[in-house]
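*Asks:* Encoded as C-alpha cells, here's the structure I'll be asking about.
The values are calculated or read from the model by the stated rules, or taken from the named source; none is laboratory data. Small disclaimer: the values here were computed from a predicted structure and weren't measured. Every residue, glycine among them, receives a Cβ derived from its backbone with ideal geometry; neighbour counts consider all protein chains shown. In case anyone asks, the SASA skips ligands and DNA or RNA and just uses the protein heavy atoms, side chains included. Shrake-Rupley method; radii C 1.70, N 1.55, O 1.52, S 1.80 Å.
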Amino acid sequence: MTSAEDFDRWYADRAASPLADELVRRVLDLPPGLESTSLLSGAGLDEVVTTLGLGNGQVLLDLACGRGGYGLEIARRTGCRLVGVDFSAVAIEQATERSGGDFRVGTLTATGLWASSVDAVLIADALQFAESKPDALRECLRVLRPGGRLVVTCWQAVDPDDERITRRTREVDLATQLPEAGFAGVEIADRPEWRVTERRMWEEALTVEASDPAMVSMRQEARHVLSNFDRRRRLLATAVKPR
C-alpha cells in the first residue's frame, strides 16, 4: 500500500474486523483498547514514552498517526496535548470519533502545522511511506520548537542494495538523513528484541483462517514480511532540534 486511498480501504476493513485488532493487541502486548496501526509493541511503546520525555501540557505531534492509538496512549500517560496527522481521511475520521481529539489530514512532508509549534514528534513505523525521507525529516524539524525531540521507530535494510527489500525501506538511512536535515544529538539503536514479537505476530496471523478482508490482507502481508524477515533491521532513533 502506498496511497491514501489504499489506506482508506485498509482502515475501513480493519474497523470491520475485531479479530485482526485483537490478534495484534494480544501478541504485541498492547494496552486494552489501543488500536494499533504499526508493529510497535507494548515494551516498545514504554521505551518511546520515556524517550519522548513529555510533560503535562506539552504538545506531541503523532505524525502518520493512523487511528491515533499510540498518541492517545502517550497523552493519557504523560498529560501532553496530542495533535495527530495522517494522510488517510478514514483513519482521521476513526480517530476523531473515538477520542474527539485534534486529528487532521496531512502528510509526512506537509503537516499543515505552524513552524516551531510542537515539543515532540513521533513517527511510529511510517517513515518509509514518505516519498522523500529527507523532506519528511525537514518537516519534523520545522514544526518542532528549539530543543524539541523527534522519535522514529522504523526498519532499515541490512543491505541497502538488496532489491528483495522494497524501495521505500531501502531509502531509509537515518544516520545520514537526520544530521543532513539539521538535527543534533542523533542516536540510533537496534532493537532486535522487538523483532521477536513481530515474527510471532506474523506467524500467528498465518494460522487464522477467517475470511474477512482485514485478515486476508494480514495473511498476505505476513507471507511477504516473513519471506524477507532477516533482511531488515529494527531501529529506534532519536534526535533534537538545535536551540
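*Asks:* Name the single residue that is farthest from Ala43 (Cα to Cα) among those in region 200-210 being of a type outside the set (Gly, Ala, Ser) and open to solvent by less than 20 Å² (accessible area, probe 1.4 Å).
*Replies:* Checked region 200-210; the qualifying residue farthest from Ala43 (Cα to Cα) is Trp202.
*Asks:* Return the residues of region 15-40 that are open to solvent by 20 Å² or more (accessible area, probe 1.4 Å) and closer than 17 Å to Phe129 by Cβ; say none if nothing qualifies.
*Replies:* Residues satisfying the conditions are Thr37, Leu39.
*Asks:* Do we have Val151 as touching a residue at least 12 places away in the same chain (Cβ under 8 Å), open to solvent by less than 50 Å² (accessible area, probe 1.4 Å) and on the phi < 0 side of the Ramachandran plot here?
*Replies:* For Val151, the condition - touching a residue at least 12 places away in the same chain (Cβ under 8 Å), open to solvent by less than 50 Å² (accessible area, probe 1.4 Å) and on the phi < 0 side of the Ramachandran plot - is met.
*Asks:* Right, here's the next one. Which one is nearest to Asp13 (Cα to Cα) among residues in region 174-199 that are under 19 Å from the mean Cα position of the chain (by Cα) and open to solvent by 70 Å² or more (accessible area, probe 1.4 Å)?
*Replies:* Arg199
*Asks:* Restricting to region 103-143, and then to whatever is open to solvent by 50 Å² or more (accessible area, probe 1.4 Å) and of a type in the set (D, E, K, R), can you tell me which residue is modelled with the lowest pLDDT?
*Replies:* Glu131
*Asks:* Okay, moving on. Could you tell me whether any residue of region 190-206 is of a type outside the set (Gly, Ala, Ser) and without any contact (Cβ under 8 Å) to a residue 12 or more places away in the chain?
*Replies:* So far as region 190-206 goes, yes, one or more of its residues are of a type outside the set (Gly, Ala, Ser) and without any contact (Cβ under 8 Å) to a residue 12 or more places away in the chain.
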